[in-house]
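Colleague: Quick one: structure below, then a few questions.
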Amino acid sequence: MNVALLKQWHHSLVVTALLAGALSITACQPKQETEPSLEESISEEQAVPMSAEPAEPSDVVVDAPASEVADDTVATVNTGVNQMTYLCSPELEVEATYKDNNQVVLATAKGTVTLTKTNEASNPEVFEGATASDGTTGFVQWRVAHQDRETGVMRTAGTDTSNVTTYECKKTQ
């Protein structure tokens, strides 16, 4: 019985070795890969290498020279024009458009006036104009304080320059 069992094991060991050899030989055979079809190539997602450097902005924000858009009280140009809204007491709303830190255009219900900066300081900044906000004879002074121009004081007078109206203003946006 031992010899019969030994022959059976020998036979199964030989068969197993032959199968393992056949599998390893077929695995090493070069197989021709099929070419992907055009549709598969199109729908296949392509890997794109990423750069560590930020991309250059290519969007055109304003397609006009800054000088043409600077007087537009709605547009904001990236060349030093900054627009802010103030609520003042006595009751008055002021739209201030700062241009390159040298000028400010103040728009109110009474009119619009362009003022020029008269000092070198940044806190407070002092702007003055030689006409009243309605365009008549008089003056307007605008002083803004704090780092982000959070508060302002507007002094204005018409033809009677001794009758000065003062408004205390706070930025709303």
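The values are calculated or read from the model by the stated rules, or taken from the named source; none is laboratory data. Treat the numbers as computed from the prediction; the structure is a model and nothing was measured. Methodologically, a virtual Cβ is constructed for each residue, glycine included, from the backbone with ideal geometry; neighbour enumeration extends over all protein chains shown. Heavy atoms of the whole protein, side chains included, go into the accessibility calculation; ligands, DNA and RNA do not. Shrake-Rupley method; radii C 1.70, N 1.55, O 1.52, S 1.80 Å.
Colleague: Need the full-extension length gain, Q147 to E120, defined as separation in residues times 0.36 nm minus the C-alpha distance. One decimal, nm.
Modeller: On the way: separation 27, 0.36 × 27 = 9.72 nm, distance 1.47 nm.
Extra length from Q147 to E120 when fully extended: 8.3 nm.
Colleague: Right, something else. Suppose each label sits 7 Å from its Cα in the direction of the beta carbon; what would the A22-D160 distance come out to in nanometres?
Modeller: In this crude spin-label approximation the distance works out to 11.8 nm.
Colleague: Separate question: Place the peptides 117-130, 159-172, 5-18, 96-109 in order of packing, highest mean first, counting for every residue the other Cβ atoms within 10 Å and averaging per peptide. Walk me through the numbers on the way to the answer.
Modeller: Values: 117-130: 14.4, 159-172: 12.5, 5-18: 9.9, 96-109: 17.6.
So the peptides 117-130, 159-172, 5-18, 96-109, ranked by packing, come out 96-109, 117-130, 159-172, 5-18.
Colleague: Still on this structure: Would you work out what percent of the accessible area of the stretch 126-173, with all protein chains in place, is carbon or sulfur (probe 1.4 Å)? All intermediate terms of the calculation are to be shown ahead of the outcome.
Modeller: Details: 1150 of 2710 Å².
Whole-percent figure for carbon plus sulfur exposure: 42.
Colleague: What distance in nm separates the two pseudo spin-label positions at T172 and T131, each 7 Å out from Cα along the beta-carbon direction?
Modeller: Computed distance between label sites T172 and T131 equals 2.6 nm.
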